[in-house]
Each structure stands twice: as C-alpha cells, then as structure tokens.
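Comments concern the structure below.
The values are calculated or read from the model by the stated rules, or taken from the named source; none is laboratory data. Only a predicted model underlies this, so the values are computations on that prediction, with no experimental measurement involved. With ideal geometry, Cβ positions are generated from the backbone for all residues, glycine too; neighbour counts draw on all protein chains shown.
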Amino acid sequence: MTRHRSHIAHLARHTLLLLAMAGMSAVAPAQEVEYVPVDDADSAIVAELSDTFTRYAYSVDRWLKLESQKEPYLTQRNVFSSFESGFKRATVARLEYTFTIEGGTETRVYHAMSGVEPDEAFARLLSAKDGLSPKPLSPVADQFRDTRWDVRASGLDESESELHAAETADGLDHSADAELKAFRTLERELKEAKVAAGGQLRVRVSKIPCESCRKVFARFADRFGMSAEIAYTEEGSEAYAAFDERRKAVFRRVRNNRTGVRPLRPLEGNLPPERLPVCE
Ligand SMILES: [Zn+2]
C-alpha cells in the first residue's frame, strides 16, 4: 500500500516536471504548484510538523500556567477538554521560504494551525465566564519562540490580503485554514519587503489541502511568480499515524502538567533546536 502510493506520487511528480519542460519551449513557464503525498513514517516532514505543533503546545502550556496561578478556570476538566478536542484535531501547516539576501540565502519558517488561535480560544472562554469583553492576547504569544527564522502565522484581516478562502463544494468555511494563515503571513512580509521575492517555497501540511487552499496556492504562485512544493501527510498513511502519535504525546504532557505546581517550563527539554535543517 505504502510503496504503491509512493510510486504514484513519484509518477505524478515526474509528469509535472515533464509538463513543465514541455511548456517551457512554447511559452513562459507557468508557476508550478506540486503536490507530494508523504507516506514514510521516518520522513523529515513528520518531524517538522511535530515541531510546529510543539511550539503551539508550548504556548498553550504557558497560558495555562499563567492563568492557573490566580483562578484555575481554564484548567478545569470540562473547560480544558472542550479546548483540547479542537486543538488536537486542528490541521498543522509549516511553510518554509528560502530567499536570497545580500548574496546569501536565508530561510524563514511560518508556523500555523487551523481554527481559532489558542490564545483567542482562551480569551473567549474567560470572557464567557466573566461576562467581560475578551482580554487582549496574552504575552504568552510572544513566548512562541519567534526567532529571526520562525514566525507564528495568524489570521490576518481580510481587507489586508489578496488571498481569500474560496467557496467549495463541501460548503465549509475555509477562512481559518492553516495554509491560508501561513500564506497570508508570508504575503504580508513580501509586501513589507521583510523577505525578498523570487525564493523557494516548501510547504508541509498534516492533511491533504482542500479545494479552497489549492486555489490560494495557485493565486499566490501567480501573484508572486513563484513555484511551490506542497507535501502532506494523508490520514491513514504511516506518516500521518507517526505525526499523530507525536502530537498526542506532546499534548499529554501539557494536560498532565496543567494543575501541578511544577516548573513553568515542562516542555523546554522537548523543544527542538531553534533552527531545524531545511529538508531537501
Ligand atoms: Zn484548506
């Protein structure tokens, strides 16, 4: 099964390349968006997606620790489990952008999760309890480990972006999809000239991208004249199972630590180095 699927992926990849080459002789090359299903449980992509999830789990852990010192509302079993069920199902996306700057190359990594941002979810839960307006995002958002290379993507204002969720046959709202958040964040940085255009895009997603996100990728590729490689783990594959197992193990630590008087940094030892090697 696994081998079979890899073979198909390989063929698909090959066909795209041939099409690209054939197209080049006649007209200017179209910007390619290449889809690569990943099956191998040992793939670096599994580790990369787990790294992105761990950053979010770390941020959630900080929130819980800060809040529980005063009034342990978020850490109550029913409140926490309603948050947890959504958080553990959310799609994880990771966008690596490599570009040339001052004669060298640099890679920035945009991390995203689908749905309501955890900080916002907590603010909503607290406001529902107090009847107060939602609190601003906690400073915990700053403890996400944003570095020179790592950026936490978020849902940006519709009016600030040229990338929008499309109407799809499934009838679902895709405006908070992880991939859209990641691409919008990169779009903003390109427009602000924080990063240079014409770079290489590698995207990793924990599930097969939906129709709406595929339109977003195509729009982005056209708008900025870049090709993209979108690798994803499909539910049912060994790679997805491996990712899901790691995700559960990380979150179990958050859950088990949520009420204890333990050091504030239970996940610190679990965090990967700040800069992972770029996957080829
Ligand atoms: Zn999507």
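Of the listed requirements (1) exposed (fewer than 14 other Cβ atoms within 10 Å of the Cβ); (2) at pLDDT 95 or above, Asp157 misses just one: (2).
Would you confirm whether or not the stretch 168-183 contains a residue that is more than 15 Å from Thr91 (Cβ to Cβ) and either in contact with a strand residue (DSSP E or B) (Cβ under 9 Å, 6 or more places away or on another chain) or of a type in the set (Asp, Glu) (or both)? No: the stretch 168-183 contains no residue that is more than 15 Å from Thr91 (Cβ to Cβ) and either in contact with a strand residue (DSSP E or B) (Cβ under 9 Å, 6 or more places away or on another chain) or of a type in the set (Asp, Glu) (or both).
Met226 satisfies every condition listed in (1) away from the ligand (no atom under 15 Å from the Cβ); (2) closer than 16 Å to Glu48 by Cβ; (3) assigned to a loop (DSSP other than H, G, I, E, B) except (2). From the list Ala231, Ala196, Ala176, Ala239, the lone residue that is part of a loop (DSSP other than H, G, I, E, B), in the same structural domain as Asp61 (by TED's automatic domain parsing) and either buried (at least 21 other Cβ atoms within 10 Å of the Cβ) or within 13 Å of the ligand (Cβ to nearest atom) (or both) is Ala176.
For Ser206, the conditions (1) away from the ligand (no atom under 12 Å from the Cβ); (2) in contact with a Ser or Thr (Cβ under 7 Å, 6 or more places away or on another chain) are fulfilled apart from (1). Across the stretch 211-223, the qualifying residues are those that are surrounded by 20 or more Cβ atoms within 10 Å (Cβ to Cβ) and of a type in the set (A, V, I, L, M, F, W, C), and the one among them that is farthest from the ligand (Cβ to nearest atom) is Phe220.
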